[in-house]
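Contents: one structure, followed by commentary.
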Amino acid sequence: MPFEGTDTYIATDDLKVSVNAAITLQRPLLIKGEPGTGKTVLANEIARSLGAPLIEWHIKSTTKAQHGLYDYDAVARLRDGQLGDVRVQDISNYIVRGKLWEAFDSDVRPVVLIDEIDKADIEFPNDLLLELDRMEFHIYETKTTVISKNRPIVLITSNNEKELPDAFLRRCFFHYITFPNEETMQQIVDVHFPDIKKKLLREALQVFYDLRDIPGLKKKPSTSELLDWLKLLLAEEIDADILRTNDPAKLIPPLYGALLKSEQDVHLLERLAFLNRRERAND
Amino acid sequence: MFFKFFSDLRRLDVPVSLREYLDLLGALDKGLGHYQVEEFYYLARTILIKNESHIDRFDQVFASIFRGLEAVDFEEEIVEIPEEWLRKMGELLLTEEEKENIESLGGWEKLMETLRQRLEEQKERHQGGNKWIGTQGKSPFGAQGYNPEGIRIGQEENRNYSAVKVWDKRIFRDLDSDIELGTRNIKVALRRLRKFAREGSADELDLDDTVSSTARNGGWLDIKMVPERHNAVKVLLLFDVGGSMDSHVRTCEELFSAARTEFKHLEYYYFHNCIYESVWKENRRRQSRRLATWDLLHTYSSDYKLIIVGDAAMSPYEIAHPGGSVEHWNEESGDIWLRRLVKTYPNVSWLNPLPKDRWRYFQSAGMVSELLEGRMFPLTLDGLESAMRSMNN
């Protein structure tokens with residue numbers, strides 16, 4: 001069954017093709033894109049629409065590839081050894097499963113999310129080449145091999161903090177989520193806030209895209225910020241007219257804190273608003 | 001199948017390998033993307049391309065191949081544009097009055113010739129395949145108020161396509177690594193410079209040392225700590241301001257704001273055209289608050305990486321002669337100061353916002369580059385990466 005997006009997630013055509021190609025050809029799919037364009041949520045939604053379990057592996061700067069496979073809990077074994085526990089004879093008692101093992105062991109085909117792979121050490125992707133290719137790995141301590149029962153659907157997200165090695169890239173399919181255009185954005189907002197007043201939405205989107213066009217913003221507001229902001233606007237019952245207002249005294253959008261995340265950006269906006277006001281005063 | 005497509009991609013330096021090619025064929029074999037050209041485009045893109053900076057080049061190749069334009073050659077462009085196309089376009093765009101005007105300008109034939117030339121230039125610049133006429137502010141066609149958007153020459157030849165295809169929109173153009181230099185891209189490039197070192201208070205367990213000290217201790221635990229790793233790179237930025245640099249202010253600002261968040265130790269100063277005996281930090285008070293370059297050399301140790309940003313476009317005298325500065329009388333010439341900087345900071349590079357092929361018009365650019373032992377790089381993403389690489393050695 002191909003992936004078509006869900007009732008809470010609007011997938012563009014190119015994204016659908018990428019996801020379905022990755023599922024059909026059983027390749028990991030590498031997702032990049034501006035922060036806040038729904039890279040991580042995508043895995044959630046694929047799992048939901050396919051009815052598959054989702055196994056999330058969030059990567060940190062200290063994560064090693066080995067952690068995804070298994071851990072050998074030597075400290076527990078040492079303690080048991082000193083206490084004279086019989087379990088200590090069997091080393092497999094101290095092998096702790098990692099996320100990938102969990103996925104390989106799943107009885108139905110799972111969706112695996114390797115989130116923010118670029119956070120890890122530069123060698124991390126290289127250490128996973130064979131595992132992702134063959135979907136199997138070897139446990140040296142017990143001399144057994146774990147083979148996946150069902151090849152999982154693997155999604156990998158990256159924020160471009162590090163370049164990924166070529167050998168790794170060659171094994172993945174790639175998709176770059178572009179910032180949605182106004183039409184797609186409208187659809188996205190519609191699924192999240194179905195009862196939002198049409199007028200309010202139109203005005204809010206206008207404000208939002210105007211804001212994105214301001215040169216020099218450190219962090220442009222993205223989809224997730226827009227959704228947060230709309231939530232606030234709805235909660236505060238802000239009127240559409242206030243958004244549209246050309247009143248020079250109120251050039252900064254209400255509740256702008258949800259849209260702009262950096263103090264410098266807020267200052268920039270205030271300064272622009274000030275200049276604008278002064279120009280009007282001179283007119 | 002699609003072999004020309006594949007080899008054209010390689011010709012434009014998109015790193016596609018046999019593996020991706022076979023993957024694409026495999027996907028088609030499984031029935032993916034067969035029935036719609038758009039779907040095929042998405043499929044090919046997701047399989048062949050691994051980096052957003054290559055998508056724009058991919059779009060161009062795709063456009064050229066799948067519109068049956070076999071004649072695209074990236075090196076030597078010989079494109080025949082059928083006369084009817086031009087004529088049709090002219091008729092479409094020009095009013096009777098304008099046509100008369102044209103007659104007076106040298107006639108229809110002449111105009112057609114010009115238009116043909118324009119189009120060929122256009123193709124060359126787009127590296128083939130793109131049939132759009134850009135905004136040609138200076139052309140007679142533009143002046144006569146024709147809106148270039150949405151008119152494609154040879155529309156009838158490609159009846160099957162609607163006006164704008166996804167790949168023709170070229171929305172990924174901004175991400176091509178040769179062109180744009182957004183803050184985010186600069187950050188990625190600057191990260192090449194990162195060098196982690198242990199610094200600060202000891203708050204991480206050093207396992208190896210703990211084990212060996214415990215063993216030496218006869219089994220009694222002896223815990224050893226080490227400091228956490230931090231990015232320990234120090235960067236000194238010198239910006240050329242004013243004059244010919246004014247048009248590059250934006251690029252420089254982006255570079256600066258990216259660098260600022262990327263490095264913990266970042267110092268910056270300004271200079272004008274060439275570095276002489278003093279630099280300054282606040283452009284507004286450049287006359288009153290200056291730092292002697294000697295002090296700069298003594299304040300920042302030689303493990304700082306020095307990045308100089310400037311267009312190096314000045315008169316050769318400003319570098320080679322005492323008193324050459326356009327602003328004041330300098331006792332010692334610019335090249336002496338540059339030599340001192342290079343000597344103090346072995347990791348130095350000069351970033352030039354001018355495109356590389358324009359450097360040769362300025363003798364001064366060559367002189368500066370020579371003083372820096374060739375470490376002058378264009379301020380593009382690729383240039384920035386080469387600069388970072390050269391400084392990491």
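The values are calculated or read from the model by the stated rules, or taken from the named source; none is laboratory data. Keep in mind it's a predicted model, so treat the numbers as computed, not measured. Here the Cβ is made from the backbone with ideal geometry for all residues, glycine too, and neighbour counts use every protein chain on show.
Counting just the residues of the range B:331-358 that are at pLDDT below 85 and assigned to a helix (DSSP H, G or I), which one comes out surrounded by the most Cβ atoms within 10 Å (Cβ to Cβ)?
Filtering first and then ranking leaves B:LYS356.
Just for the range B:18-49: of the residues that are buried (at least 20 other Cβ atoms within 10 Å of the Cβ) and in contact with a Gly (Cβ under 6 Å, 6 or more places away or on another chain), which one is nearest to the other protein chains (Cβ to nearest Cβ)? Let's see the steps before the verdict.
First, the residues of the range B:18-49 that are buried (at least 20 other Cβ atoms within 10 Å of the Cβ): B:20-21, B:23-24, B:27, B:32-33, B:40-49.
Subsequent filtering for residues that are in contact with a Gly (Cβ under 6 Å, 6 or more places away or on another chain) retains B:40, B:43.
Numbers: B:PHE40: 9, B:LEU43: 5 Å.
Ranking the candidates gives B:LEU43 first.
Considering every residue within the range B:5-17, establish whether at least one is more than 10 Å from chain A (Cβ to nearest Cβ), in contact with a helix residue (DSSP H, G or I) (Cβ under 8 Å, 6 or more places away or on another chain) and farther than 12 Å from B:PHE58 by Cα.
no
Quick check on the range A:15-48: of everything there that is at pLDDT below 85 and touching a helix residue (DSSP H, G or I) at 6+ places or on another chain (Cβ under 7 Å), which residue is nearest to the other protein chains (Cβ to nearest Cβ)?
Restricting attention to the range A:15-48, the residues satisfying the condition of being at pLDDT below 85 are A:33-38.
Those left that are additionally touching a helix residue (DSSP H, G or I) at 6+ places or on another chain (Cβ under 7 Å): A:33, A:36-38.
Numbers: A:GLY33: 8, A:GLY36: 13, A:THR37: 12, A:GLY38: 16 Å.
Step by step, filter the range A:15-48, then rank; the result is A:GLY33.
To keep it simple, each residue is scored yes or no on (1) within 14 Å of chain B (Cβ to nearest Cβ); (2) under 26 Å from A:THR62 (Cβ atoms); (3) at pLDDT 90 or above.
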{"site": "A:ALA76", "(1), (2), (3)": "no, yes, no"}
{"site": "A:TYR94", "(1), (2), (3)": "no, yes, no"}
{"site": "A:ARG134", "(1), (2), (3)": "no, no, no"}
{"site": "A:ILE153", "(1), (2), (3)": "no, no, yes"}
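For the range A:2-14, which residues satisfy the criterion of being away from every other protein chain (no Cβ under 13 Å), at negative phi and assigned to a loop (DSSP other than H, G, I, E, B)? Spell out the reasoning first.
Here is the first cut: in the range A:2-14, the residues away from every other protein chain (no Cβ under 13 Å) are A:4-10.
Adding the requirement that they be at negative phi leaves A:4, A:6-10.
Scanning the range A:2-14 gives A:GLU4, A:ASP7, A:THR8, A:ILE10.
Which of the residues belonging to the range A:151-167 are touching a residue at least 40 places away in the same chain (Cβ under 8 Å), over 15 Å from A:ALA22 (Cα atoms) and over 16 Å from the mean Cα position of the chain (by Cα)?
A:LYS162, A:LEU164, A:PRO165, A:ALA167
So, A:ILE177, is that one of a type in the set (A, V, I, L, M, F, W, C), within 14 Å of another protein chain (Cβ to nearest Cβ) and within 24 Å of A:ILE117 (Cβ to Cβ) or not?
So A:ILE177 fits the description; yes.
For residues that are in contact with a Phe, Trp or Tyr (Cβ under 9 Å, 6 or more places away or on another chain) and surrounded by fewer than 15 Cβ atoms within 10 Å (Cβ to Cβ), tally how many sit in the range B:245-284.
5
Are there helices (runs of 4 or more DSSP H) fully within the range A:49-136 with at least 2 residues that are out of contact with any helix residue (DSSP H, G or I) (no Cβ under 7 Å at 6 or more places or on another chain)? List them.
Counting at least 2 such residues, we get A:65-69, A:74-83, A:99-104, A:129-134.
Working carefully through the options A:ASP127, A:ASP166, A:ASP190, A:ASP210, find the one that is within 14 Å of another protein chain (Cβ to nearest Cβ) and of a type outside the set (A, V, I, L, M).
One residue alone meets the criteria, A:ASP166.
Of the residues in the range A:65-90, how many are surrounded by 15 or more Cβ atoms within 10 Å (Cβ to Cβ) and farther than 30 Å from A:ASP118 by Cβ?
4
If B:LYS224 passes every condition in (1) within 14 Å of chain A (Cβ to nearest Cβ); (2) at pLDDT 60 or above but one, which one does it miss?
Going through the list (1) within 14 Å of chain A (Cβ to nearest Cβ); (2) at pLDDT 60 or above, B:LYS224 breaks only (1).
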